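**Student:** Let me begin by handing over the structure; questions about it come next.
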Amino acid sequence: MDSCRTHDMIDLIAQHWGLDDVALYYSFQQRRIFTAIRAIDKLPVMVKVNTDTPTLLHEMIALQTFQGNGCVQLLDTAPAFGALLLERLLPGNSLETFFPEHDVKAIAHAVTVMQQLHQAIMPPGLNLPTLADWLDRLIYSPSPELPAALVTKAQKLAVHLLATMAPSVVLHGDLHHNNILAAGNEWIAIDPHGVIGEPLYEVGAFVRNPVKPLLQQSNLQAIILKRLTIFSTLMNASRQRVAAWSFVQALLAAQWATEENADPTQWLTVAAMLEREISDLLATLAEH
């Protein structure tokens with residue numbers, strides 16, 4: 001999206017929704033996010049423009065499904081512009097501000113958000129991908145750049161996890177620290193990917209993030225293992241399954257990185273920290 005085209009497009013969007021004080025807030029690949037004020041009621045809003053139509057559609061469906069419960073409120077859509085109008089969360093600081101000193105508190109807030117999101121009623125025939133869709137390439141056509149031993153373990157676990165899933169809900173799909181923002185006294189999710197699967201999948205993105213400062217910690221493995229324990233306790237779930245999903249997702253993130261010509265090392269480092277935690281489950285699967 002070149003700058004001239006972006007300028008023309010946002011002018012049309014501003015006219016369409018009656019927006020003032022439009023300013024670029026964030027830009028990455030095919031996405032542009034703007035802050036603005038809705039003129040009619042002076043409401044602070046965000047405008048998200050995404051030229052990747054399937055990605056935008058999935059986010060729109062997820063937002064409509066969540067209906068503002070644990071997630072940012074969708075105010076309007078303009079598919080012709082590839083744009084979404086969203087409420088602006090204030091003060092808007094993210095859960096990354098809790099890391100590393102208040103990691104336990106951050107996990108508790110994240111679990112609350114997950115529980116709110118997963119209460120959403122899923123209409124039949126919802127046009128969203130499933131976890132099986134997401135994991136298909138890792139299982140059947142993994143990147144040759146990834147370590148074969150880790151990939152093999154992830155493939156075995158992914159097949160097992162998909163075959164034994166709890167009842168599916170609509171998942172955020174990328175619920176890490178910077179996708180959970182403060183809105184008054186609440187914590188609210190933003191940028192849902194929209195995918196259908198079991199609730200416990202949601203934990204994986206949080207376990208491996210915020211990845212850059214996480215990898216700088218001298219007690220990296222201890223932090224990750226403590227997170228597994230806390231999540232399993234708060235979600236009344238098997239610690240082994242939390243570890244398995246987290247491991248599989250780390251490899252999936254590495255797979256996606258290679259597909260985008262990015263370095264997968266950070267995600268592989270997290271996977272290595274989790275490898276010992278999934279050994280018992282892999283041994284059990286090998287016996288059957």
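**Student:** Straight-line reach from residue 226: which lysines have Cα under 26 Å away, leaving out those fewer than 8 places along the same chain?
**Tutor:** 105, 153, 156, 212
**Student:** Something else about it: Where in the chain are the DSSP H helices whose alpha-carbon span along the long axis reaches 24 Å or more and whose Kyte-Doolittle mean is at least 0.0?
**Tutor:** Helices meeting the span and hydropathy rule in the chain are 239-259.
**Student:** Please identify, among 147, 44, 129, the residue showing maximal mean-square fluctuation in a Gaussian network model of the chain using a 10 angstrom Cα cutoff.
**Tutor:** Of 147, 44, 129, the Gaussian network model singles out 147 as fluctuating most.
**Student:** Could I ask something else about it? Taking loop as defined by DSSP and a crowding limit of 12 other beta carbons within 10 Å, which trypsin sites (Lys or Arg not before Pro) in region 1-81 fit?
**Tutor:** Details: sites: 5, 31, 32, 38, 42, 48; in loops: 42.
The qualifying sites are 42.
**Student:** How about region 90-194: which GluC sites (Glu not before Pro) there are in a DSSP loop, with at most 15 other Cβ atoms within 10 Å of their Cβ?
**Tutor:** On the way: sites: 96, 101, 145, 186; in loops: 101, 145.
Of the GluC sites (Glu not before Pro), the ones in loops of region 90-194 whose Cβ has at most 15 other Cβ atoms within 10 Å are 101, 145.
**Student:** Pick out, in residue order, every one of the GluC sites (Glu not before Pro) in region 228-282 that is DSSP loop and has at most 16 other C-beta atoms within 10 Å; say none if there are none.
**Tutor:** When the GluC sites (Glu not before Pro) of region 228-282 are filtered for loop state and at most 16 Cβ neighbours within 10 Å, 260 remain.
**Student:** Between residue 195 and residues 5 or more places away or on another chain, which pairs have amide H atoms under 5 Å apart, with H built 1.01 Å from N, and which residues are they?
**Tutor:** Counting only residues 5 or more places away or on other chains, the set is 171.
**Student:** Aspartates and glutamates near residue 48 by alpha-carbon distance under 18 Å, same-chain residues fewer than 8 away left out - which ones?
**Tutor:** Leaving aside aspartates and glutamates fewer than 8 places away in the same chain, those within reach of residue 48 are 2, 8, 11, 20, 21, 59, 76, 87, 174, 191.
**Student:** Right, next: Please list 3J(HN,Hα) in residue order for region 89-95, calculated via the Karplus relation 6.51 cos²θ - 1.76 cosθ + 1.60 where θ = phi - 60°; whole Hz, with x for glycine and proline.
**Tutor:** Using θ = phi - 60°, the values come out as 7, 10, x, x, 5, 9, 5 Hz.
**Student:** Still on this structure, I have one more. So which residue, out of 58, 172, 102, gets the largest mean-square fluctuation from a GNM of the chain using Cα contacts under 10 Å as springs?
**Tutor:** 102
**Student:** I've got another one for you. Show me, for region 26-41, the HN-Hα J-couplings you get by feeding each phi into the Karplus relation (A = 6.51, B = -1.76, C = 1.60, θ = phi - 60°), rounded to Hz, glycine and proline as x.
**Tutor:** 7, 9, 7, 6, 8, 10, 10, 10, 10, 8, 6, 10, 6, 4, 5, 9
**Student:** Now, a different point. What is the spin-label model distance, in nm, from residue 220 to residue 76 if the labels are put 7 Å beyond Cα along the C-beta direction?
**Tutor:** In this crude label model, residue 220 to residue 76 measures out at 4.7 nm.
Each value in this text was obtained by applying a stated rule to the coordinates, not by laboratory testing. As the structure is a prediction and not an experimental result, all values here were calculated from the model. Neighbour counts run over all protein chains shown; Cβ positions are idealised from the backbone, glycine included.
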